[in-house]
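Q: Mind having a look at this structure? Questions to follow.
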């Protein structure tokens with residue numbers, strides 16, 4: 001394998017988007033075509049194929065190859081990121097990244113100086129150019145060669161033993177998930193390696209922002225650096241204390257909280273562990289339901305389960321145990337949240353579940369859009385309702 005410099009994702013220069021465009025659509029799709037050709041040597045790549053650059057067209061009038069690849073090994077994004085970043089984005093499982101893939105892409109990019117292939121691996125980031133590989137995330141801690149990067153991609157991340165809970169890191173975590181870090185934030189001393197890495201990443205991200213403020217999306221860059229048990233501990237504490245936080249803090253953190261709820265449920269080691277966490281999630285919703293917008297209550301469990309995608313039998317049992325008692329709640333919004341959650345779990349008795357809650361809430365019959373949605377859930381649908389649907393607690 002060719003010798004490539006190893007660096008971090010944060011080495012990438014900041015693009016000045018106020019300047020005139022640096023690349024055209026032809027530049028982007030010419031590079032993407034070459035990326036596809038390389039990746040096809042190592043698996044399927046798509047779903048959209050190469051663009052015919054001899055055809056005069058842009059964006060809405062592009063001429064792609066006729067065949068579409070379903071569920072490709074390498075999902076090569078076909079939308080141009082912007083007109084400043086020389087970049088092709090690829091999504092794939094880490095196991096698809098081998099030394100040969102890295103070497104082949106680097107070799108191809110000798111003809112494309114300044115261009116990068118960015119791999120979104122789920123738990124980490126990887127960028128490859130003609131002479132460098134930039135990495136981010138726990139999977140690649142201490143990697144000093146392309147060979148080691150490839151080896152790390154071939155095995156699960158090694159997290160090691162669970163660390164003791166840290167109150168100072170809990171407070172930092174709350175700031176992360178709610179977008180409370182800015183240029184004036186002073187980071188506390190890191191008690192362990194994982195927190196040192198998180199803080200280092202936060203500092204680097206903050207330095208790259210003109211105002212020094214990090215958004216709630218910054219947590220996406222570091223959440224997988226944390227041990228799964230650490231995330232579970234932080235989440236459990238937050239759910240137990242959620243009623244004590246100002247509503248604006250929770251509103252800012254809600255997306256991150258629900259995503260971590262789904263992750264932690266999926267990673268539960270037993271039905272009992274899953275049941276305990278599901279009960280905490282339900283209790284947190286009940287504690288703040290009166291403060292939330294009605295749709296946020298109704299969609300709560302659906303958003304959590306969206307993160308799980310394909311729950312195991314044990315997890316399905318655990319969440320069922322939690323949702324069914326709420327069908328008798330005095331709060332109709334909590335009832336609807338459980339109905340929607342059970343629909344997402346494909347409950348075998350979903351028809352009778354829907355019939356029972358409709359009988360308990362006869363006032364719903366005057367809301368045609370709601371009745372239509374419930375009718376679809378009754379027959380096995382898991383889709384969200386028409387955007388025009390409004391909910392009330394009455």
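The values are calculated or read from the model by the stated rules, or taken from the named source; none is laboratory data. These numbers were taken from a predicted model, which means no experiment stands behind them. A quick note on method: Cβ atoms are made from the backbone with ideal geometry, for glycine too, and the neighbour counts reach across all protein chains shown.
Q: Can you confirm whether residue 201 is over 20 Å from residue 137 (Cα atoms), part of a helix (DSSP H, G or I) and either in the same structural domain as residue 141 (by TED's automatic domain parsing) or in contact with a helix residue (DSSP H, G or I) (Cβ under 7 Å, 6 or more places away or on another chain) (or both)?
A: Judged against the criteria, residue 201 is not a match.
Q: Mind checking which residues of the stretch 45-69 are in contact with a helix residue (DSSP H, G or I) (Cβ under 6 Å, 6 or more places away or on another chain) and modelled with pLDDT of 95 or more?
A: Hit for the stretch 45-69 is 45, nothing else.
Q: Quick one: what pairs do we get from the stretch 202-226, first residue farther than 23 Å from residue 260 by Cα, second in a helix (DSSP H, G or I), C-beta under 6 Å, 6+ apart or different chains?
A: That search, which allows pairs on different chains as well, returns 204/10; 212/206.
Q: Kindly provide the set of residues from the stretch 101-128 that are touching a helix residue (DSSP H, G or I) at 6+ places or on another chain (Cβ under 6 Å), within 20 Å of residue 33 (Cβ to Cβ) and surrounded by 20 or more Cβ atoms within 10 Å (Cβ to Cβ), ordered by number.
A: 102, 105, 115, 117, 128
Q: Looking for something out of contact with any helix residue (DSSP H, G or I) (no Cβ under 8 Å at 6 or more places or on another chain), within 18 Å of residue 73 (Cα to Cα) and at pLDDT 95 or above - is there at least one such residue anywhere in the stretch 135-149?
A: No, the conditions are met nowhere in the stretch 135-149.
Q: Report yes if residue 276 is surrounded by fewer than 19 Cβ atoms within 10 Å (Cβ to Cβ) and more than 24 Å from residue 167 (Cβ to Cβ), otherwise no.
A: no
Q: Please tell me if residue 72 is assigned by TED's automatic domain parsing to the domain that holds residue 142 and either touching a helix residue (DSSP H, G or I) at 6+ places or on another chain (Cβ under 6 Å) or within 23 Å of residue 119 (Cα to Cα) (or both).
A: So residue 72 passes the test.
For every residue, the table says whether it meets (1) assigned by TED's automatic domain parsing to the domain that holds residue 283; (2) surrounded by 21 or more Cβ atoms within 10 Å (Cβ to Cβ); (3) closer than 16 Å to residue 377 by Cβ; (4) in contact (Cβ under 8 Å) with a residue 40 or more places away in the chain.
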residue: 305; (1), (2), (3), (4): yes, yes, yes, yes
residue: 308; (1), (2), (3), (4): yes, no, no, yes
residue: 316; (1), (2), (3), (4): yes, no, no, no
residue: 322; (1), (2), (3), (4): yes, yes, no, yes
residue: 337; (1), (2), (3), (4): yes, yes, yes, yes
residue: 340; (1), (2), (3), (4): yes, yes, yes, yes
residue: 345; (1), (2), (3), (4): yes, no, yes, yes
residue: 355; (1), (2), (3), (4): yes, no, yes, no
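Q: For the stretch 1-31, give me each residue that is farther than 25 Å from residue 61 by Cβ and not in a loop (DSSP other than H, G, I, E, B).
A: If the condition is that a residue be farther than 25 Å from residue 61 by Cβ and not in a loop (DSSP other than H, G, I, E, B), then 5, 6, 7, 8, 9, 10, 11 are the ones that fit.
Q: A follow-up question, please. Restricting attention to the stretch 269-278, does a residue exist that is in contact with a helix residue (DSSP H, G or I) (Cβ under 9 Å, 6 or more places away or on another chain) and under 24 Å from residue 179 (Cβ atoms)?
A: Checked the stretch 269-278: no residue is in contact with a helix residue (DSSP H, G or I) (Cβ under 9 Å, 6 or more places away or on another chain) and under 24 Å from residue 179 (Cβ atoms).
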